[in-house]
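Taking it in order: structure first as structure tokens, then the write-up.
The values are calculated or read from the model by the stated rules, or taken from the named source; none is laboratory data. Predicted model only: the values in this text are computed from it and were never measured. A quick note on method: Cβ atoms are made from the backbone with ideal geometry, for glycine too, and the neighbour counts reach across all protein chains shown. The protein model used for the area step is the full one, side chains on, heavy atoms only, and it has no ligands, DNA or RNA in it. Shrake-Rupley method; radii C 1.70, N 1.55, O 1.52, S 1.80 Å.
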Number of protein chains: 2
Amino acid sequence: MIDFEKSVTYVLTQLAIGYRTYLEKALGEIGLHSGQVFVMISLWKTDGQSQIDLVKNLDLTAPTVNIMIKSLMNGGFVECRKCPSDGRLMRVFLTDKGIECQTSVAEQWTKIEAQSYLNLTETEKLVLAQLFGKLRENLSLNIKTGSTKL
Amino acid sequence: MIDFEKSVTYVLTQLAIGYRTYLEKALGEIGLHSGQVFVMISLWKTDGQSQIDLVKNLDLTAPTVNIMIKSLMNGGFVECRKCPSDGRLMRVFLTDKGIECQTSVAEQWTKIEAQSYLNLTETEKLVLAQLFGKLRENLSLNIKTGSTKL
DNA sequence: ATCTAATGTTTTGCAAGCTAATCATAAAAC
DNA sequence: GTTTTATGATTAGCTTGCAAAACATTAGAT
């Protein structure tokens with residue numbers, strides 16, 4: 001019988017909950033939530049994306065992104081404008097507030113990274129990044145091919 | 001400026017979403033959901049725990065566990081009995097169905113693990129476990145001491 | 001030009017996590 | 001013995017993720 005608690009699935013899931021808690025606390029003062037910040041990260045890279053762009057870039061679903069954008073609009077971080085050339089598209093643009101808060105977010109983010117890396121050597125950091133890459137490959141393998149059945 | 005997308009926080013969060021999706025699909029036929037299965041894993045180890053026991057063992061909050069137990073009761077996986085010696089405690093016991101499904105869950109879980117490990121050597125598996133351990137330490141550090149402020 | 005397809009957004013309804021507040025019971029103080 | 005305090009369970013309300021279905025608009029077929 002498999003030892004659930006030592007499995008990647010188990011440990012990684014637990015870690016992710018921890019990271020979410022950290023993010024919530026770190027972003028609370030800025031006015032962002034743990035999920036919304038990922039939308040911001042994508043917009044800081046490429047402003048004016050449509051929802052479907054964000055869906056693809058963030059690997060989330062349309063309803064998830066849709067709701068997050070609404071919250072971000074309420075918070076004054078982004079604003080939406082219908083694309084004039086294609087009425088279906090809703091382009092999302094950063095407001096000044098949305099642009100400016102990047103610095104604060106980066107600060108908080110850097111602190112969490114530093115804490116994560118507390119007792120890791122440079123080599124270990126590299127190895128971790130590599131292993132994460134492999135895990136991601138392995139998982140997305142089936143997703144991309146569509147054969148999600150296990 | 002920090003490269004958000006290459007950070008542990010970012011990558012690990014994305015991975016966790018992937019694992020959740022996998023779990024949902026793998027457990028769907030069994031009738032369990034991705035969160036509930038962690039309660040089951042704890043009960044398979046120690047049956048008859050109270051909610052507060054589960055909260056501590058799973059590192060979750062009381063409301064989260066409370067709702068999961070309700071769902072698990074609805075699904076017929078567990079049943080609850082008030083502790084006769086302490087009326088506050090609600091002990092959670094596995095039903096036959098709850099005990100029996102462990103085999104199926106282990107099967108599915110093993111498949112996900114196998115897929116995770118597809119292109120990893122034995123050494124890499126060990127290193128990954130070690131690194132996960134360190135991350136967990138680093139994160140829970142502040143949590144345990146109470147100084148959650150960043 | 002019209003009808004159908006496809007594409008993008010939104011709504012609805014669920015599960016999973018949280019905080020804060022409430023209720024029930026037990027333990028402790030007095 | 002009564003009151004206060006502490007503990008465990010629950011409720012209410014939020015964010016975040018999903019699937020499925022509905023809606024709006026564009027593109028394609030005829």
Quick tally, 1.4 Å probe accessible area for B:Lys45, A:Lys111, sorted with the most first, runs B:Lys45, A:Lys111
Using a 10 Å cut-off on Cβ to Cβ distances, tally the other chain neighbours for every residue of A:28-38 and report the average as a whole number. 1
What ratio of Cα Rg to 2.2 N^0.38 Å holds for the protein assembly as shown? 1.09
Length gain on complete extension for the stretch A:Lys97 to A:Ile2, per 0.36 nm per residue less the alpha carbon to alpha carbon distance? 29.3 nm
Long-range amide H partners of B:Ser50 with built H, under 5 Å: B:Val92
Heavy-atom accessible area of A:Ser116, protein chains in place, probe 1.4 angstrom, given in Å² to nearest 10, is 0
What residue of chain A has the nearest C-beta to the axis that moves A onto B, and what is that distance in Å, given as a whole number? A:Ala16, 2
Would you kindly work out, in nm and rounded to one decimal, the distances from the label point of B:Met90 to those of the same position in each other copy, ordered shortest first, with label points 7 Å along Cα-to-Cβ? 3.8
Nm distances between copies for A:Thr61, ranked from closest, using label points 7 Å along Cα→Cβ: 2.3
Inter-copy distances for A:Thr123, label 7 Å out on the Cα-Cβ vector, sorted ascending, nm, one decimal, are 1.0
Would you check the stretch B:7-144 for Lys pairs whose C-alpha atoms are within less than 26 Å, ignoring same-chain pairs closer than 8 in sequence, and give me the count? 26
Calculated on alpha-carbon atoms, Rg and Dmax of chain A in Å: 18.0, 59
For the A:Met73, B:Lys56 Cβ pair and Förster radius 35 Å, calculated FRET efficiency rounded to 0.05 is 0.35
Take every Cα pair under 8 Å in the stretch B:1-130 that's 6+ residues apart, average their separations, divide by the length, and report that relative contact order as a whole percent. 21
Expected field for A:Arg91, accessible surface area in Å² at 1.4 Å probe radius, rounded to 10, holds 70
A plus B alone minus the pair: what accessible area, both sides summed, probe 1.4 Å, in Å² to 100? 6300
Stretchable slack from B:Lys45 to B:Cys80, in nm (0.36 nm times residue separation minus alpha-carbon distance): 10.9 nm
Rounded to the nearest 0.05, what FRET efficiency is calculated for A:Thr21 and B:Glu122 with R0 set to 41 Å and r the Cβ-Cβ distance? 0.80
Helical mean residue ellipticity (222 nm; -39500 (n - 2.57) per DSSP H run of 4+; nearest 500) of the protein assembly as shown: -21500 deg cm²/dmol
